[in-house]
Amino acid sequence: MIALKNILVATDFGEASDAALAYGRALAKAFGATLHVIHIADNLFLRPVVGDPRSLEEAALRRIHARLTDEDRRALRARVVVESSDGPADAIVRYAAASDVDLIITGTHGRRGVVHALVGSVAEEIVRTAACPVLTVKHPQREFVMPAVELQAVPCGAG
């Protein structure tokens, strides 16, 4: 049987991340797992910045909390994390390993060609380097997760 105790949703506050949060919420509820939500802010250390970098992290915390419901906090024991890093994928994978995360869920923008080659893909790097399974969600996603449908854990080989 699949045992999910800790589910991590990585967010950049885009539509794909919001879709990933919907999946994370539904899966955490179905498995009784703790929902972790992480945002990796740009590391502004030794860079010219207008304003206090801590205020940017505080703003990110507020944005995450605004996306969470009271049920997320109560029933899913939601944990919110904002870290600064030059390598968002590495920071997400490190957090997942340190927190015994069983599944990482992240949005993907589905970039292709030159843009993908130049910008790269945080989601792709997470898939390559994470020790646990990774679910990538593209927006608009298929409606696999719907509020009226309850997911049920099914033992492997059953059904």
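Nothing in this text is a laboratory measurement; each read-out follows from the coordinates by a stated rule. The shown structure was predicted, so the numbers you read here are calculated from the model rather than taken from an experiment. Every residue, glycine among them, receives a Cβ derived from its backbone with ideal geometry; neighbour counts consider all protein chains shown.
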Quiz item: According to a simple spin-label model (label point 7 Å from Cα along Cα-to-Cβ), what is the distance in nm between D42 and A131?
Solution: 3.2 nm
Quiz prompt | Protection proxy ranking of 60-72, 6-18, 126-138 - average other beta-carbon atoms within 10 Å, highest first | solution = 6-18, 126-138, 60-72
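For A75 and E124, what does the FRET efficiency come to when R0 = 30 Å and r is the distance between their Cβ atoms, rounded to the nearest 0.05? Numbers along the way, then the final one.
Numbers: r = 32 Å, r/R0 = 1.07.
Once the sixth-power term is evaluated, E becomes 0.40.
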